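Enquirer: Submitted below is the structure of interest, expressed as structure tokens.
The values are calculated or read from the model by the stated rules, or taken from the named source; none is laboratory data. The structure presented is a predicted model; accordingly, all values stated were derived computationally and were not measured. When we count neighbours, we look across all protein chains shown, and the Cβ atoms used for this are built from the backbone with ideal geometry, even at glycine. For the accessible areas, the whole protein counts, side chains as well, though only heavy atoms, and no ligand, DNA or RNA atoms are used. Shrake-Rupley method; radii C 1.70, N 1.55, O 1.52, S 1.80 Å.
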Amino acid sequence: MGKNVSVNKITVLAIFSFVAITVITFFKSALELEDAEQAYYSQWLRWGYDDQPPLYTWLQYGFNTIFQVNKLAFSILRASLFAGILLGLYQFAQLRVREEQKSKLAVLLLVLVPVFIDFTFRRLSHTSLLCVSVIASYYCIQKLVSCKSISNYLLLGLVVGVGIMSKYNYAFFLVTFALVSLWDKELGAIVFNPKILVSVFVSVLLVAPHAYWLLGPDGFQSYLESSLEEKIGVEKVELGFSLMPILIYLKGLFALLLPVFLFIGIGYFLKFVSFNKLKMDWFAKMFIVQLLVLGMFFLVFQSQKVETRWLLPLFVPFVVLLVEAVSFKNNLKLVVVGYWVFIAVIGVQTLRTPIEKMLNIPSSVHFGFEPIAQKLKVKYDDYQWILPNVTYAGNVRVLHPERTLFSADDYSLGQSISKKEKQVEIIIGPLEEKQRVAVDSLIGFGKERENLYFYVGQGTKNSLSQP
């Protein structure tokens, strides 16, 4: 009976989070950045989109088909993934810990991870899907440690394929898994088993079309490389070798886990937390090697920027390792308190958007795109619309879902551009070309007070501005 109550509590928490995320949608005048990207890219089914794999957008395409193209369709997918992270982590914790209350604590401790309770709850897309994929990967490995059946290898192959198609950062998990299999006997027994070919076959089958799209003759990998350099802040000027990326990496880890460390530290000081002797099994080795793999990556590429949201999917499963490493004085009481704290924090996050709007606190989601959409509809209805970036394009598409429109920064579109002869392109800031004169403008738009200029011209396959 106790087990059923525990499972129901986690389910209730997941359902509450799901509802809260969807409710926030009704207080937003515009889409978040990630949702706007999906609103734009989900116009098509492609083998790849921009600098991300296609799985999330495929899922969004399906949700749009069911719920139509509106803000609710985008929040429902994110809400499902957020709930999936909670339920998936709980299932993995049950396999590892085999103690009901501590399994629940593994989930409840996520409330102390700022980037999870804020960014993942409010806006993250591919990162949330990657969180689910990485947790599922550890779940499959734990199942294979106990039983090396064909069905478990088949499940692992499916999860690996989904992980790669979720976000390229999944490669860090795969590298760690491969390295630890050379060190640990349990993982070695999984990897060096002929049945692993089942996993390899399934994952390759799932990933091969996208890999061909990315690495094929169209050269999309060059855009991916450029995006990677920009995201991690690789210096264009040769500055020599520096240990600064390691310090930046450690700072990111510190920001990711600081509240968790404070909670454990205070608990130890107040004597309601004690430390166990941790067994150095495959999971603990994965944690150590994952730390080293990421550190080496940032060091080799001399990264000048490390975001906590990049680290979250790769380290969120290790909350389970933490609950294995510590003992709490009263698990049941801590679970009850943690449960209501989690509910309260989610409630605050839900109220945050309407409170910001009521208090006139600047936020991009409070600036609707109706002025742009209305101007385009009234004056340029028979033109092809080209917006300056996916944020603009996605928000305008939600207001006019019946139209196919384009974004100037969509390199993955290739040459598949509308055959309409007349096009209107919106550009942030006037063009320097004297040959083209803006036919319209919208001054001081949005939170950033951007000046938008409208240019018309004849449609060609290469008419989009290059990123």
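Enquirer: Looking only at the stretch 176-220, which residues are open to solvent by 50 Å² or more (accessible area, probe 1.4 Å), within 28 Å of Ala284 (Cβ to Cβ) and either charged (D, E, K, R) or touching a strand residue (DSSP E or B) at 6+ places or on another chain (Cβ under 8 Å) (or both)?
Expert: Those that are open to solvent by 50 Å² or more (accessible area, probe 1.4 Å), within 28 Å of Ala284 (Cβ to Cβ) and either charged (D, E, K, R) or touching a strand residue (DSSP E or B) at 6+ places or on another chain (Cβ under 8 Å) (or both): Lys185, Glu186, Lys195.
Enquirer: Going by what's in this entry, would Leu95 be described as closer than 15 Å to Phe318 by Cβ, in contact with a Pro (Cβ under 9 Å, 6 or more places away or on another chain) and touching a residue at least 24 places away in the same chain (Cβ under 8 Å)?
Expert: Judged against the criteria, Leu95 is not a match.
Enquirer: Is it fair to say Val134 is assigned to a helix (DSSP H, G or I) and open to solvent by 10 Å² or more (accessible area, probe 1.4 Å)?
Expert: No, not satisfied.
Enquirer: Restricting the stretch 190-247 to residues that are assigned to a helix (DSSP H, G or I) and small (Gly, Ala, Ser), which is modelled with the lowest pLDDT?
Expert: Among those that are assigned to a helix (DSSP H, G or I) and small (Gly, Ala, Ser), it is Ser227.
Enquirer: Is there a residue being under 30 Å from Lys102 (Cα atoms), open to solvent by less than 10 Å² (accessible area, probe 1.4 Å) and either in contact with an Asp or Glu (Cβ under 6 Å, 6 or more places away or on another chain) or in contact (Cβ under 8 Å) with a residue 12 or more places away in the chain (or both) anywhere in the stretch 353-375?
Expert: No, every residue in the stretch 353-375 fails to be under 30 Å from Lys102 (Cα atoms), open to solvent by less than 10 Å² (accessible area, probe 1.4 Å) and either in contact with an Asp or Glu (Cβ under 6 Å, 6 or more places away or on another chain) or in contact (Cβ under 8 Å) with a residue 12 or more places away in the chain (or both).
Enquirer: Do we find that Leu321 is open to solvent by 20 Å² or more (accessible area, probe 1.4 Å), at pLDDT 90 or above and over 16 Å from Ala20 (Cα atoms) in this structure?
Expert: Considered against the rule, which asks whether it is open to solvent by 20 Å² or more (accessible area, probe 1.4 Å), at pLDDT 90 or above and over 16 Å from Ala20 (Cα atoms), Leu321 comes out as no.
Enquirer: Name the pairs whose Cβ atoms lie under 7 Å apart, with the first residue in the stretch 313-327 and within 17 Å of Ala171 (Cα to Cα), the second open to solvent by 10 Å² or more (accessible area, probe 1.4 Å) and of a type in the set (D, E, K, R), and 6 or more positions between them or separate chains?
Expert: Taking only residues 6 or more apart or on different chains, not a single pair turns up.
Enquirer: Evaluate the following for Leu110: is it assigned to a helix (DSSP H, G or I), open to solvent by 10 Å² or more (accessible area, probe 1.4 Å) and within 26 Å of Cys140 (Cβ to Cβ)?
Expert: No.
Enquirer: Pro53 fails exactly one of the following numbered conditions: (1) over 17 Å from the mean Cα position of the chain (by Cα); (2) of a type outside the set (D, E, K, R); (3) at pLDDT below 95. What is the number of that condition?
Expert: Among (1) over 17 Å from the mean Cα position of the chain (by Cα); (2) of a type outside the set (D, E, K, R); (3) at pLDDT below 95, Pro53 violates only (1).
Enquirer: Next question. Look at Gly446 and say whether it is open to solvent by less than 30 Å² (accessible area, probe 1.4 Å), modelled with pLDDT under 90 and closer than 21 Å to Ala30 by Cβ.
Expert: It is true that Gly446 is open to solvent by less than 30 Å² (accessible area, probe 1.4 Å), modelled with pLDDT under 90 and closer than 21 Å to Ala30 by Cβ.
Enquirer: Looking at the stretch 298-311, is at least one residue of a type outside the set (Phe, Trp, Tyr), open to solvent by less than 60 Å² (accessible area, probe 1.4 Å) and on the phi > 0 side of the Ramachandran plot?
Expert: yes
Enquirer: Do you know which residues across the stretch 1-42 are open to solvent by 30 Å² or more (accessible area, probe 1.4 Å) and modelled with pLDDT of 90 or more?
Expert: Thr11, Val12, Ile15, Phe16, Phe18, Val19, Val23, Glu37
Enquirer: Next up: I'd like to verify a number: residues in the stretch 405-443 that are part of a loop (DSSP other than H, G, I, E, B), at pLDDT 70 or above and among the acidic types (Asp, Glu), how many?
Expert: So the answer is 4.
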